[in-house]
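The values are calculated or read from the model by the stated rules, or taken from the named source; none is laboratory data. Everything numeric here is computed off the predicted structure, so don't read it as measured data. Cβ placement follows ideal geometry from the backbone for every residue including glycine, while neighbour counts extend to all protein chains displayed.
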Amino acid sequence: MDDLQALAKRLMALDDRLTDCMRCGMCQAVCPMFGASGMEADVARGKLALIGNMAHELFKDPESLADKLGRCLLCGSCQASCPPGVKIIEIFREAREIVYSYIGLHPMKKLIFRQLLGHPRLFNFAMRVGAPVQKLLFHSSEDTQKTVCAPMLDFMLGDRHIRPLASQSLHAKYGELDERPAEGKLKVAFYPGCLGDKMYTSMGEACIKVLHHHNVAIYMPGTFACCGIPAVSSGDAKGMLKQLRVNLNLLADRDFNYLVTPCGSCTSTIKELWPEYAARLDEVAERSAKAIAQKTMDINAFLIDILHVEPKQAEEGATKVTYHDSCHLKKSLGVVNQPRDLIRANSKYSLVEMNEADRCCGCGGSFNLFHYDFSREIGQRKRDNVVASGASVVSAGCPACMMQLEDVLSHNKDHIEVKHPIEIYAESL
């Protein structure tokens with residue numbers, strides 16, 4: 001009975017947040033999912049109407065409700081374009097959490113979010129074992145991106161081309177860093193993110209190289225947990241809280257000026273979601289999360305706004321690079337010019353803008369796993385815009401976007417490199 005009463009309260013509170021939606025349809029024009037499916041149920045307006053009838057749908061067919069709510073990338077395009085400013089993404093997150101608290105989380109998701117990602121040492125061990133073992137399952141995609149594929153696992157991964165696990169993780173290569181800053185210099189907590197630590201290690205190494213070049217001391221433990229965004233997107237608050245507690249324990253009592261990350265999704269999660277979820281733990285955790293959030297910056301913004309790295313004039317014959325605005329960076333954090341300025345800080349590159357630079361690439365975290373056909377279709381539109389720009393390099397400030405770009409470029413056998421802005425800048429040092 002208590003569970004039902006709690007559920008009823010959450011549904012009523014959610015219903016109160018829907019009243020500002022004017023059903024104007026502005027979200028329809030910018031929704032990547034609607035652009036791929038053409039279905040009204042896939043646009044924010046349709047989902048808000050569904051949530052308005054959520055109590056009925058929850059008892060009628062909860063599995064179908066969960067599937068409909070899952071057909072969304074949580075990219076924030078609708079929220080950024082909403083005239084009355086409805087907090088659409090917050091509503092969608094809450095709706096997913098309510099649904100999965102009612103029907104229960106899939107056992108595999110529980111295993112991943114609460115055990116694997118919630119226990120960094122176990123996750124590190126699994127990835128360390130997986131790096132050599134992957135050669136048995138994956139083989140070269142024979143493409144231009146140096147990705148791998150696994151036809152034997154098509155039932156689970158689809159025809160996905162991905163970057164293999166690094167032979168050595170970032171934390172294994174550098175160990176636990178806790179450097180003493182020089183007098184008058186800054187110290188940062190460097191949060192590489194799961195992909196930066198275990199797959200896109202060249203990006204993580206570029207960050208360390210750049211920070212050291214600017215005499216910035218680094219604190220980087222080897223046991224950071226996931227930031228929690230995969231669990232949150234899947235409606236698993238318990239998984240998020242478990243990962244959050246691990247990270248707060250590593251950061252709460254440490255002395256650093258800023259926390260920087262090269263992942264737009266991690267940055268927005270730490271700044272916007274950690275304080276919200278930490279409030280469910282206790283007051284001490286909430287205070288710690290708020291203090292950390294205030295210090296957290298995307299690494300592009302840190303280098304441009306704090307260290308004042310300046311763009312340069314491109315050399316004659318410079319390599320053409322185009323930039324994709326990752327959704328969390330632009331729509332959540334407002335980081336737009338800084339990555340572009342960081343790219344321009346390397347005079348051997350010339351920045352050219354692609355069409356629809358801020359349109360979602362189609363990754364959407366777990367959306368890419370459960371709706372790969374739509375993810376590929378949305379990604380193909382991004383690929384076409386990249387190719388049309390005439391650039392030989394495409395840059396993005398989020399490794400999840402980089403993964404998506406590599407996949408679609410690989411399938412099209414395009415000779416276009418994918419790099420993070422920090423990698424481009426690091427080449428100039």
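For the range 57-72, does any single residue satisfy the condition of being touching a residue at least 24 places away in the same chain (Cβ under 8 Å), over 21 Å from Cys361 (Cα atoms) and among the charged types (D, E, K, R)? Among the residues of the range 57-72, at least one is touching a residue at least 24 places away in the same chain (Cβ under 8 Å), over 21 Å from Cys361 (Cα atoms) and among the charged types (D, E, K, R), which makes the answer yes.
For the range 372-380, state whether one or more residues are surrounded by fewer than 20 Cβ atoms within 10 Å (Cβ to Cβ), hydroxyl-bearing (Ser, Thr, Tyr) and either over 15 Å from the mean Cα position of the chain (by Cα) or within 19 Å of Gln28 (Cα to Cα) (or both). Yes, because at least one residue in the range 372-380 is surrounded by fewer than 20 Cβ atoms within 10 Å (Cβ to Cβ), hydroxyl-bearing (Ser, Thr, Tyr) and either over 15 Å from the mean Cα position of the chain (by Cα) or within 19 Å of Gln28 (Cα to Cα) (or both). Filtering the range 99-147 to residues that are in contact with an Asp or Glu (Cβ under 6 Å, 6 or more places away or on another chain) and part of a helix (DSSP H, G or I) leaves only Phe113. Of everything in the range 199-223 that is crowded, with 24+ Cβ neighbours inside 10 Å and within 18 Å of the chain's Cα centre (by Cα), the residue that is nearest to Met402 (Cα to Cα) is Tyr200. Only one of the listed residues (Leu405, Leu342, Leu369) is of a type outside the set (Ser, Thr, Tyr), part of a helix (DSSP H, G or I) and in contact with a strand residue (DSSP E or B) (Cβ under 7 Å, 6 or more places away or on another chain). That residue is Leu405.
The condition of being in contact (Cβ under 8 Å) with a residue 60 or more places away in the chain, assigned to a loop (DSSP other than H, G, I, E, B) and not aromatic (Phe, Trp, Tyr) does not hold for Gly196.
From the list Gly362, Gly334, the one residue that fits, being in contact with a Gly (Cβ under 7 Å, 6 or more places away or on another chain) and in a loop (DSSP other than H, G, I, E, B), is Gly362.
Provide a single number: the residues in the range 80-98 that are part of a helix (DSSP H, G or I) and among the small types (Gly, Ala, Ser). Count: 2.
Restricted to the range 245-265, and to residues there that are touching a residue at least 60 places away in the same chain (Cβ under 8 Å) and in a loop (DSSP other than H, G, I, E, B), the residue that is surrounded by the most Cβ atoms within 10 Å (Cβ to Cβ) is Cys263. Checked against (1) loosely packed, with under 12 Cβ neighbours inside 10 Å; (2) closer than 30 Å to Phe59 by Cα, Pro83 passes all but condition (2). Here Ala396 does not qualify as more than 17 Å from the chain's Cα centre (by Cα) and either under 24 Å from Thr269 (Cβ atoms) or outside the structural domain of His212 (by TED's automatic domain parsing) (or both). Among the candidates Ile416, Ile422, the residue that is at pLDDT 95 or above and farther than 22 Å from Ser265 by Cα is uniquely Ile416. Among the residues making up the range 169-198, those that are within 21 Å of the chain's Cα centre (by Cα) and hydroxyl-bearing (Ser, Thr, Tyr) are Ser169, Tyr191.
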